[in-house]
1. I'm told B:Thr185 meets every condition in (1) buried (at least 19 other Cβ atoms within 10 Å of the Cβ); (2) within 12 Å of DNA strand D (Cβ to nearest atom) except one. Can you identify the failing condition by its number?
2. Which condition number does A:Gln150 fail, the rest of (1) within 16 Å of DNA strand C (Cβ to nearest atom); (2) within 11 Å of chain B (Cβ to nearest Cβ); (3) surrounded by 13 or more Cβ atoms within 10 Å (Cβ to Cβ) being met?
3. So for the range B:161-179 (the condition being more than 13 Å from DNA strand D (Cβ to nearest atom), at pLDDT below 90 and part of a helix (DSSP H, G or I)), does at least one residue qualify?
4. Are there any pairs, at least 6 apart or on different chains, whose C-beta atoms fall under 8 Å, with the first in the range A:115-136 and of a type in the set (A, V, I, L, M, F, W, C) and the second modelled with pLDDT under 90 and assigned to a strand (DSSP E or B), and if so, which?
5. Among the candidates B:Asp143, B:Asp175, which residue alone is over 21 Å from B:Lys209 (Cα atoms) and either of a type in the set (D, E, K, R) or more than 14 Å from chain A (Cβ to nearest Cβ) (or both)?
6. Give all pairs with beta carbons closer than 8 Å in which a residue from the range B:173-199 that is closer than 17 Å to B:Val160 by Cα and aromatic (Phe, Trp, Tyr) meets a residue that is near DNA strand D (Cβ under 8 Å from one of its atoms) and at pLDDT 90 or above; count only pairs at least 6 apart in sequence or on separate chains.
7. Exactly one condition in (1) over 17 Å from the mean Cα position of the chain (by Cα); (2) modelled with pLDDT of 90 or more; (3) among the polar types (S, T, N, Q) is false for A:Thr28; which is it?
8. Scan (1) out of contact with any helix residue (DSSP H, G or I) (no Cβ under 6 Å at 6 or more places or on another chain); (2) away from DNA strand C (no atom under 12 Å from the Cβ) for the single condition B:Asn180 breaks and write down its number.
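The values are calculated or read from the model by the stated rules, or taken from the named source; none is laboratory data. Please read these numbers as outputs of a predicted model, since none were measured by experiment. So basically every Cβ, Gly included, is an ideal-geometry build from the backbone, and we count neighbours across all protein chains shown.
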There are 2 protein chains.
Amino acid sequence: MHILIVEDELGIVQFLQQGLQEEGYQVTTANDGSKGFELIQTQKFDLILLDWMLPKINGLDLCKAIRVKDQTTPIIFLTAKDTIQETIEGLKAGANDYIKKPFSFEELVERIKIHFRNQKGSEILTLGTIKIDSSKHVVFKNDEEVSLTQREFELLTYLVKNKGKVCTRNQILKDVWEINFEYDTGVIDVFMNAIRKKLNLKIEEDYIKTIRGIGYIANDL
Amino acid sequence: MHILIVEDELGIVQFLQQGLQEEGYQVTTANDGSKGFELIQTQKFDLILLDWMLPKINGLDLCKAIRVKDQTTPIIFLTAKDTIQETIEGLKAGANDYIKKPFSFEELVERIKIHFRNQKGSEILTLGTIKIDSSKHVVFKNDEEVSLTQREFELLTYLVKNKGKVCTRNQILKDVWEINFEYDTGVIDVFMNAIRKKLNLKIEEDYIKTIRGIGYIANDL
DNA sequence: ACTTTATCTTAAGTAAACATTAAGTTAACC
DNA sequence: GGTTAACTTAATGTTTACTTAAGATAAAGT
């Protein structure tokens, strides 16, 4: 789960980043509104924490800008403003939640969890920095989208689902290609090559290793 | 949209009921926890407003009891308690939001809307610059009306409702055409072609992408 | 170090899936 | 009952992915 923090006060940023990372989240930070906006254009986040008062683009405008393109990613405002009118403005701009400073870290974590539990099971498999979202049929490496064909996708998914276990060529042929008889073909090699190329995986010491004479194995490092 | 209010202070109940009804919501009330629990067993609500201090069963226990059976209906706590520890307890029990008394009616309404907009049928669906008004059965692209036939409309709506998720050909055939068996037909292609033509969507890099070998996916860009 | 064998890599041929058009069929409306 | 619009089927064209095959490279065995 990848969280973006857009906040200019360094103390708060560090406090949040450290705390959220300890909770197991991947955290990216931006110290002003326009930097935050840039990050959102290029990367995919699962949740956004937004300060109200920000240099360059303020939180409210940033929130509106995000919502033009993306209505789904949860946005939580962090703010010292505690007038009701401004709370309402934020919610109207498309925010999903609102926490007043000073807030307790525990409460923030609980509120974050609420938004994640609302996002129903989109089953995301991971292999190191590789993410596979089967409902979207999309693969990310370091949050960059990589386009795979049907077979490439199936093969990669198969290896990742069997992470840590050696998959023999015959098993792969049986489960991915549905070829149930002995058959000498080089198809697997060709697809492995394509996957490694597209995901930029080195043959030696990377997430997918070749077990000579047997097959392949996937592993987080 | 049907809202249940579980609250024992008569003044607040009346204030909320009247206000929410003016906003167009259907409102049902319960003045203690056990009565609220009974209502939930027998009726379906779209959102529940829950007081913390209640006769018979308190709000926290009621919340837990609801969540045993139903994990999805949004629950918002209304409470005078403002200690962080208790806020957290409420969220952990499965509540989705938390408003401290005294609260502004406007803020409450905005928070209610947040939970509804996360749910289904907000009547107007959007896909980038495409707007679908399902109640009026009308589609706009860049605010220009586009006339679609029944099936075209259903197919587009289906894809947009499942925005971000791949819809397989079989799913589409099942859910839009109500064909539940394997059947080789090219109907989907023909309608996709019609939709793309009418909405002027390019095959590459547009709101509706083809996932070769699987189906189609709609996405805001 | 040479041979053997397995895997990697590339390119070209083949097959499958999709896009597109037109014609045929059904259903709705006047 | 005739006419129109919508839906489906079928045929053709186009694109993309899959497979085969063959040469290059790397690992294991002698």
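1. Evaluating B:Thr185 over (1) buried (at least 19 other Cβ atoms within 10 Å of the Cβ); (2) within 12 Å of DNA strand D (Cβ to nearest atom) leaves (1) as the failure.
2. (3)
3. Yes, because at least one residue in the range B:161-179 is more than 13 Å from DNA strand D (Cβ to nearest atom), at pLDDT below 90 and part of a helix (DSSP H, G or I).
4. That search, which allows pairs on different chains as well, returns A:Ile132/A:Ile124.
5. B:Asp143
6. From residues that are closer than 17 Å to B:Val160 by Cα and aromatic (Phe, Trp, Tyr), the pairs are B:Trp177/B:Val187; B:Phe191/B:Arg151; B:Phe191/B:Glu152.
7. Checking A:Thr28 against (1) over 17 Å from the mean Cα position of the chain (by Cα); (2) modelled with pLDDT of 90 or more; (3) among the polar types (S, T, N, Q), the one that fails is (1).
8. Tallying (1) out of contact with any helix residue (DSSP H, G or I) (no Cβ under 6 Å at 6 or more places or on another chain); (2) away from DNA strand C (no atom under 12 Å from the Cβ), B:Asn180 fails exactly one: (1).
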